[in-house]
1. Within segment 253-270, restricting attention to residues that are open to solvent by 50 Å² or more (accessible area, probe 1.4 Å) and farther than 12 Å from A178 by Cα, which residue is modelled with the lowest pLDDT?
2. Which members of segment 156-194 meet the condition of being open to solvent by 10 Å² or more (accessible area, probe 1.4 Å) and free of Cβ contacts under 8 Å to residues at least 40 places away in the same chain?
3. Is it true that some residue in segment 302-321 is of a type outside the set (A, V, I, L, M, F, W, C), more than 25 Å from I48 (Cβ to Cβ), crowded, with 22+ Cβ neighbours inside 10 Å and at pLDDT 95 or above?
4. Got a sec? Which of M268, M257 is in a helix (DSSP H, G or I), more than 18 Å from L338 (Cβ to Cβ), within 25 Å of the chain's Cα centre (by Cα) and of a type in the set (A, V, I, L, M, F, W, C)?
5. Filter segment 213-223 for residues that are more than 21 Å from A175 (Cβ to Cβ) and either assigned to a strand (DSSP E or B) or free of Cβ contacts under 8 Å to residues at least 24 places away in the same chain (or both) and give the result.
6. May I ask you to list the residues in segment 57-80 that are of a type outside the set (A, V, I, L, M, F, W, C) and out of contact with any Lys or Arg (no Cβ under 7 Å at 6 or more places or on another chain)?
7. I want to confirm something. Restricting to segment 277-301 and keeping residues that are of a type in the set (F, W, Y) and not in a loop (DSSP other than H, G, I, E, B), which single residue is surrounded by the fewest Cβ atoms within 10 Å (Cβ to Cβ)?
8. Take segment 117-135 and flag every residue that is in contact (Cβ under 8 Å) with a residue 24 or more places away in the chain, touching a strand residue (DSSP E or B) at 6+ places or on another chain (Cβ under 8 Å) and surrounded by fewer than 21 Cβ atoms within 10 Å (Cβ to Cβ).
Amino acid sequence: MIMFQNDYVEGAHPAVLKKLVDTNMEQSVGYGEDPYCEKARARIREAIGREDADVHFLVGGTQTNLTVISAALRPHQGALCAETGHIHVHETGSVEACGHKVLAMPGQEGKITAKQVKKAYESHWTDGAREHMVQPKLVYISHPTELGTLYTKQELMDLRNVCDACGLYLFLDGARLAYGLAADGTDVTLHDLAVLTDAFYIGGTKVGALFGECVVINHPAMKEDFRYLMKQKGGMLAKGRLLGLQFQAMFENDLYMEMGRHADRLAMKLKKGLLEKGYHFYIDSITNQQFVIVEDQKLQELEQQFVFNHEMRYDENHMVIRICTSWATKEENLEKLLAAF
């Protein structure tokens, strides 16, 4: 079986593994305070163009999201996000389990707008019973979104402006960030994210690392005691150098962006090929996640050879499936998939 259901079915990029193997028997201090993590932090700060940013390495996306959100919010405050947002749908209520409500809103192709955020803020503060309600304080977005779509720079600027006007934090989930930054047609860069967000993270688990995410914190209030929260929320790794080494490797020789470009190129090849064959897409994505509408009988045939993620029922005879390419997808496997379609 050839797997296309997500972008983390393989292990790690060979350059990442080599870095781990080459340093395997070296001794170092733990918990991310080793020289390798320091070198990785320096590389990240250089890449984003901010020397004042705090950079932390956590073990996974769920721990990253709940730790950052916990760092930003007081007990009575919640996080605004799209109804398709990862913290709302795919993290088993981890944010709520740690005491903060996720305030989900209808998304527009997986995104939320500055206008929606402002309306939610004003709705709360003009309500006479607001002290009996969860107070919105943080805006959570993903780039790419769960539907593979991307924010434009203008949309991020609009969100930044409304967050500033309303006293809200802006946090960007970058679990698949390389696939967003490398997409043809995007106008958003790492430098933009470092300027426009209070915190964001650079995904490793889904982009060539064995595991791990890199959090960048720009807002001074969110920096305070962050490592305490990392430990408390299960995001701090005792062998912390394993995380630093991986991000050090990924930010050498443009590897992180190279991996993103590879996945996006193959995704666009898939998209073009399926359009030529008469297939339709549930949403227009320019990143590594493609959502194809497939007739049930054809899907059963395809699943004799391939594995997909079933997203939703389109109608009584069709399913929307998600096909993911990744940094490791082989061109010959994509050719086999197109031929099977």
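1. Taking segment 253-270 and keeping what is open to solvent by 50 Å² or more (accessible area, probe 1.4 Å), we get 253-254, 258, 261-262, 265, 268-269.
Filter once more, so that each one left must be farther than 12 Å from A178 by Cα: 253, 265, 268-269.
Details: N253: 93, R265: 98, M268: 98, K269: 98.
Here the answer is N253.
2. M157, R160, D164, G167, D187, T189, D192, listed by residue number.
3. Narrowing segment 302-321 to residues of a type outside the set (A, V, I, L, M, F, W, C): 303-305, 309-311, 313-318.
Right, trim to more than 25 Å from I48 (Cβ to Cβ) and you get 303-305, 309-311, 313-318.
Then keep just the ones that are crowded, with 22+ Cβ neighbours inside 10 Å; that gives none.
Within segment 302-321 (the criterion being of a type outside the set (A, V, I, L, M, F, W, C), more than 25 Å from I48 (Cβ to Cβ), crowded, with 22+ Cβ neighbours inside 10 Å and at pLDDT 95 or above), the answer is no, since none of the residues qualifies.
4. Numbers: M268 fails: more than 18 Å from L338 (Cβ to Cβ).
One residue alone meets the criteria, M257.
5. The first filter runs over segment 213-223 and keeps only residues more than 21 Å from A175 (Cβ to Cβ), leaving 220-221, 223.
P220, the sole residue that qualifies.
6. In the first step, residues of segment 57-80 are kept if they are of a type outside the set (A, V, I, L, M, F, W, C); the result is 60-65, 67, 70, 74-78.
If the condition is that a residue be of a type outside the set (A, V, I, L, M, F, W, C) and out of contact with any Lys or Arg (no Cβ under 7 Å at 6 or more places or on another chain), then G60, G61, T62, T64, N65, R74, P75, H76 are the ones that fit.
7. F281
8. If the condition is that a residue be in contact (Cβ under 8 Å) with a residue 24 or more places away in the chain, touching a strand residue (DSSP E or B) at 6+ places or on another chain (Cβ under 8 Å) and surrounded by fewer than 21 Cβ atoms within 10 Å (Cβ to Cβ), then A120, V134, Q135 are the ones that fit.
The values are calculated or read from the model by the stated rules, or taken from the named source; none is laboratory data. Since we're looking at a predicted model, the values are computed, not measured. All Cβ positions, glycine included, derive from the backbone under ideal geometry; neighbour counts span all protein chains shown. We work out accessible area using only protein heavy atoms, side chains counted, and drop any ligands, DNA or RNA first. Shrake-Rupley method; radii C 1.70, N 1.55, O 1.52, S 1.80 Å.
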